[in-house]
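Engineer: Mind looking over this structure? Questions follow.
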C-alpha cells in the first residue's frame, strides 16, 4: 500500500508538471517572441481592414491591440495576419497566430470540434434588413410588399421566409450566391432591401455613395455571437484574453476612459481603484502586471470609445448599439465584477 501511495504521488506530480507548461505556454511564447500575432478574418469595414500602406484598423484590430497592451504595456507590439474564410482555426492550432479576434459566429461545433475555444462575446450580431430611408420604415415589422436581396440556399433565406410568414407580409425573393452581388444589386435598384447579418449590411452601407440615406432596421431575426478565439487547453491565455475584453466593458460601466485613467487613480471608489490596479493585484493570477487593465483602457479606450470609433457618426454610417449597449442601458453587454 505504501509503495502504491508513493507511486500515485509521483504520478500526480508528473501530471502537474506536465500541465503547468501547457497552461503558461502561449503567454511565454508571446513574451519570448516580443510581440503578439493576431489573426483577422476577411476584410470588413469597421471590424478589420488594411489600408494601402499596410496599416490595420477596426474594432477587431483594436481588441488585438488591447491584448498586446495587457501583455506588454504596449499596444503596438503586434503583428496582424489576414485569414480568409468564414472560420479559420488551423493557424490557431498550429501556433501561426496567438488569437483570432473575429471568426465564424460562436456555435457548439466551432467551440468543441476544432481545437479552439471562444472566449466571450465582444459583438452581438444577427440577421437584419437594410433599406433606403426613402422607404419610410423604421422597423422590420413594417416591411410588406417588398423585394429583398438575399443569399440563396442558406440559413439567411430560410430565416427570412420564416420572418415574413410569421408576420403575414408579402415579399419577393431576389436571390444571389455572393454578398458582393447583394451590394451591387441593391445599389442598382434590383431590390428594395437586403437581408444579411448586420455586420455585412454595415459593410454594404458604408460603401454606398450616401450611407446616411440608408438604414439598418433595429430588429435581428437570428442571433450571432462574435468574439476572440484562442487555442483549446491554455487556461491562462484564455483568461488573459477574456479579462482584456472585460476590462473595456467594466471601464464603460464605471466611467473610466482612455483620457482619465491618471486622474481617476486618486479616487476612493473601490471598483475604479481595482480596475486601475491602485488597489489589489488582479494581474498576478494571470501572470500580468497589477495595472494591466489600466494599460488596456489607455491603449484602446472603454467599450463605448471602441464602438464609437469604428461605428459612430464620424464614420458617415452610424450603427446603433442596440444589443451591444450595456446591460444597464437595455443591451446585452456586461462583465463580471473585478473583485
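Read the figures in this text as sums done on the coordinates, not as results from a lab. Every value quoted in this text rests on a predicted model; they were computed, and no experiment measured them. So basically every Cβ, Gly included, is an ideal-geometry build from the backbone, and we count neighbours across all protein chains shown.
Engineer: If the chain between residue 284 and residue 52 were fully stretched, how many nm would it gain, using 0.36 nm times the residue separation less the Cα-Cα distance? Could you put the intermediate results ahead of the total?
Structural biologist: On the way: separation 232, 0.36 × 232 = 83.52 nm, distance 4.04 nm.
The span from residue 284 to residue 52 would gain 79.5 nm if fully extended.
Engineer: Need the C-alpha centroid separation for region 288-339 versus region 199-217, integer Å.
Structural biologist: First find each Cα centre; the distance between them is then 22 Å.
Engineer: Further question on the same structure: Please list 320-327, 251-258 highest first by mean number of surrounding beta-carbon atoms within 10 Å per residue.
Structural biologist: Ranked by mean Cβ neighbours within 10 Å, highest first: 251-258, 320-327.
Engineer: Here is a further query. If you average the C-alpha positions of region 255-271 and of region 109-175 separately, how far apart do those two centres end up, in angstrom?
Structural biologist: 41 Å
Engineer: Something else about it: With a/c under 1.5 counting as rounded, go ahead and sort region 125-194 into rounded, prolate or oblate using the C-alpha gyration tensor (a ≥ b ≥ c being the square roots of the eigenvalues; past the cut-off, prolate if a/b is larger than b/c, else oblate). Provide the component values of the computation, followed by the final result.
Structural biologist: Numbers: a/c = 1.64, a/b = 1.10, b/c = 1.48.
Judged from the Cα gyration tensor, region 125-194 comes out oblate (a/c at least 1.5, b/c at or above a/b).
Engineer: Once fully extended, how much extra length lies between residue 112 and residue 329, figured as 0.36 nm per residue of separation less the alpha-carbon to alpha-carbon distance? Kindly include the intermediate steps, with their values, before the conclusion.
Structural biologist: Working: separation 217, 0.36 × 217 = 78.12 nm, distance 3.27 nm.
Extending this stretch completely gives an extra 74.8 nm.
Engineer: Okay, next question. Looking at the square roots a ≥ b ≥ c of the eigenvalues of the Cα gyration tensor of region 85-174, which shape do they give, rounded for a/c under 1.5, prolate if a/b is larger than b/c, or oblate? Walk me through the numbers on the way to the answer.
Structural biologist: Working: a/c = 3.05, a/b = 2.56, b/c = 1.19.
Prolate, since a/c reaches 1.5 and a/b exceeds b/c.
Engineer: Also, quick follow-up: Name the most mobile residue of 163, 89, 238, meaning the one with the largest mean-square fluctuation, in a Gaussian network model of the chain with Cα contacts below 10 Å.
Structural biologist: 163
Engineer: Would you please put 279-285, 54-60 in order of how densely packed they are, using the mean number of other Cβ atoms within 10 angstrom per residue and starting with the highest? Please report the intermediate quantities before stating the final value.
Structural biologist: Details: 279-285: 14.3, 54-60: 18.1.
Averaged packing, sorted descending, gives the order 54-60, 279-285.
Engineer: Starting from the Cα-Cα distance between residue 315 and residue 33, subtract it from 0.36 nm times their residue separation and give me the gain in nm to one decimal. Please list the in-between numbers first.
Structural biologist: On the way: separation 282, 0.36 × 282 = 101.52 nm, distance 3.53 nm.
In short, 98.0 nm is gained.
Engineer: Just the Cα atoms of region 32-131: what Rg and Dmax do they give in Å?
Structural biologist: 13.9, 50
Engineer: Rounded if a/c is under 1.5, else prolate if a/b beats b/c, else oblate: with a ≥ b ≥ c from the C-alpha gyration tensor eigenvalues square-rooted, which is the chain?
Structural biologist: Numbers: a/c = 2.17, a/b = 1.65, b/c = 1.32.
The shape class here is prolate.
Engineer: What angle, in degrees between 0 and 90 and rounded to the nearest 10, separates the Cα long axis of helix 235-254 from the longest principal axis of the Cα atoms of the chain?
Structural biologist: Roughly 60 degrees, rounded to the nearest 10.
Engineer: Rounded to the nearest 5, what % of DSSP beta bridges with both residues in the chain are antiparallel? Don't jump to the answer; show the numbers that get you there.
Structural biologist: Details: 17 of 33 bridges.
Within the chain, antiparallel bridges account for around 50 percent of the total.
Engineer: From the helices alone, meaning DSSP H stretches of at least four residues, give me the mean residue ellipticity at 222 nm for the chain, per-run term -39500 (n - 2.57), in deg cm²/dmol to the nearest 500.
Structural biologist: Values: 12 runs with 130 residues, N = 339.
The helix-only estimate for the chain comes to -11500 deg cm²/dmol at 222 nm.
Engineer: Another question about this same structure. Kindly express, to the nearest 10 degrees and within the range 0 to 90, the angle between helix 155-166's C-alpha long axis and the longest C-alpha principal axis of the chain.
Structural biologist: Helix 155-166 sits roughly 60 degrees off the main axis of the chain.
Engineer: How would you rank 148-154, 108-114, highest first, on the average number of other Cβ atoms within 10 Å across their residues? Working shown, then result.
Structural biologist: Values: 148-154: 18.1, 108-114: 12.4.
Descending packing order for the listed peptides: 148-154, 108-114.
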